[in-house]
Amino acid sequence: MEIQVLGAHNCESRNSRLISLLIDDALVLDAGCLTSSLSLEAQQKLKAVLITHQHYDHIRDVPTVAMNFFLQDATINIYSTLAVYDALSTHLLNGELYPNFLAKPPNSPTIKFTMIEPYKVEQVEGYSILAVPVNHTNSTVGYQVTSPEGKSVFYTADTGPGLADCWQHISPHLLITEVTVPNRYEDFAQESGHLTPSLLKQELISFRELKGYLPPAVVVHMNPRLEKEIEAEIATVAAALNTRVNLAYEGMRLHL
Ligand SMILES: [Zn+2]
Ligand SMILES: [Zn+2]
């Protein structure tokens, strides 16, 4: 399994992109920068887009990728929750802001949307997909993706602390999680459902206690302006736990 980090941040600029993780050129986790980071040819190769929640930084390129598929008479598979379906159909693909690709063209809509059910393993293009609720919006899910060879990654999506329940359901070889702000913003993180390095440390300790091991971790969703501070604090966490925790960056490739 090869995972390519297309976008690793929570703010976009010329130097940072919103979240998208590409697995084996076929599956994508979140749609923050699908069209801005992939050629038309690479977009056409996508087999499925899995979306964690409806926040704009995670769905932004759904309309634009759908337009590219529509213009090629192709269909794109999107897997997510009812909350994401509702947000797309009400606010973005509502026929006013943009065409309703969930229903257009009528005989074969450009977007084939499949509702996922938490805790139920779904087979998608040979991969086993398990959606597990995390602590962000009341319907945000993380995804464990297991390849046909049995390699698995868990992406927590945006989440605040309190992941012990979530950890019970997964056993990944690699953990991709979030740290949005440094430790001095802990109040903000708690209120908005995000992690700081020290909050992540507690979650990793709980993972190790529950599962008896700790996979290497890669962190995404950093605020670019605060990234240096986050990086220094993450290094302290990794050293204290004697484990690997690295910040992701656009273009990073992870091999499992
Ligand atoms: Zn969010
Ligand atoms: Zn986000």
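The values are calculated or read from the model by the stated rules, or taken from the named source; none is laboratory data. Being a predicted model, the structure only gives us computed values, none of them experimental. Cβ: placed from backbone, ideal geometry, glycine included. Neighbour counts: every protein chain shown. Accessible surface areas use protein heavy atoms only, side chains included; no ligands, DNA or RNA. Shrake-Rupley method; radii C 1.70, N 1.55, O 1.52, S 1.80 Å.
Conditions tested, residue by residue: (1) part of a loop (DSSP other than H, G, I, E, B); (2) open to solvent by less than 30 Å² (accessible area, probe 1.4 Å).
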residue	(1), (2)
6	no, yes
25	yes, no
31	yes, yes
43	no, yes
53	yes, yes
63	no, yes
67	no, no
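Report, ordered by the first and then the second residue, all pairs with beta carbons closer than 7 Å, sequence separation of six or more or different chains, a first member in the stretch 23-39 that is of a type in the set (Ser, Thr, Tyr), and a second member that is assigned to a loop (DSSP other than H, G, I, E, B) and within 15 Å of ligand 2 (Cβ to nearest atom).
Pairs found: 35/61; 36/17; 36/61; 37/17.
Hey, does the stretch 77-91 have a residue that's part of a loop (DSSP other than H, G, I, E, B), at pLDDT 95 or above and either away from ligand 1 (no atom under 16 Å from the Cβ) or open to solvent by 60 Å² or more (accessible area, probe 1.4 Å) (or both)?
No, there is no match, as no residue in the stretch 77-91 is part of a loop (DSSP other than H, G, I, E, B), at pLDDT 95 or above and either away from ligand 1 (no atom under 16 Å from the Cβ) or open to solvent by 60 Å² or more (accessible area, probe 1.4 Å) (or both).
All but one of (1) within 21 Å of residue 194 (Cβ to Cβ); (2) in contact with a strand residue (DSSP E or B) (Cβ under 6 Å, 6 or more places away or on another chain); (3) free of Cβ contacts under 8 Å to residues at least 60 places away in the same chain hold for residue 135; which doesn't?
Answer for residue 135: the failing condition is (2).
Restrict the check to the stretch 152-165 and report whether at least one residue is farther than 27 Å from residue 27 by Cβ, modelled with pLDDT of 95 or more and open to solvent by less than 10 Å² (accessible area, probe 1.4 Å).
no
Can you confirm whether residue 134 is of a type in the set (A, V, I, L, M, F, W, C) and within 16 Å of ligand 2 (Cβ to nearest atom)?
Yes; evaluated as a whole, the condition is true for this residue.
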